[in-house]
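Peer 1: Below is a structure I'd like to ask you about.
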Amino acid sequence: MARTLGTNAQITRLTKLRRRLDCCHSLQSAPDGMARSWLLSADERRALVMLASSPGGATMALLLRYGFTRKTITALVRAGLATVTPDEVVRADGRIIDVGLVKITQTGRRALAD
């Protein structure tokens, strides 16, 4: 059961999640004036394939468990190929766990098609 968050709470949680994921931007796009073509590493492409095959997205914990680094996930988000949505999960014992849900964007799908 997920709790609904107000706008300010969502922004705060997203800011905290972004701080946790903060790292360098490793993806590059083609120079201006050229057709947009993404230079994806093998890990970045593998992460996008996994996200594309998951209609509801994947949690940060799951992606990390599959061997993706925070740096890889952050690079995808900063390049606009994926989004991270903060969410909360309430456990049976009443504890609330912060969860980041990662989903592929249309731009990410186009980058995979290239």
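Peer 1: Find how much the distance from R109 to K71 grows on full extension, using 0.36 nm per residue of separation minus their present alpha carbon separation; answer in nm with one decimal. List each step's numbers first, then the result.
Peer 2: Working: separation 38, 0.36 × 38 = 13.68 nm, distance 1.99 nm.
Full-extension gain reported as 11.7 nm.
Peer 1: Search the structure for amide H atoms under 5 Å from the amide H of T105, placed 1.01 Å from N in the peptide plane, and list their residues when 5 or more places away or on another chain.
Peer 2: A82, T83
Peer 1: From the phi of every residue in the stretch 48-53, what ³J(HN,Hα) in whole Hz does the Karplus formula 6.51 cos²θ - 1.76 cosθ + 1.60 yield, where θ is phi - 60° and glycine or proline is x?
Peer 2: After applying 6.51 cos²θ - 1.76 cosθ + 1.60, I find 5, 4, 5, 5, 5, 8 Hz.
Peer 1: Give me a comma-separated list of calculated 3J(HN,Hα) values for the stretch 86-92, in order, Karplus coefficients 6.51, -1.76, 1.60 applied at θ = phi - 60°, integers in Hz, x for any Gly or Pro.
Peer 2: For the stretch 86-92, the Karplus-derived couplings read x, 8, 10, 10, 9, 7, 4 Hz, x marking Gly and Pro.
Where a number appears in this text, it was derived from the coordinates with a stated rule and is not lab data. From a predicted model like this one, the values you see are computed outputs, not experimental measurements.
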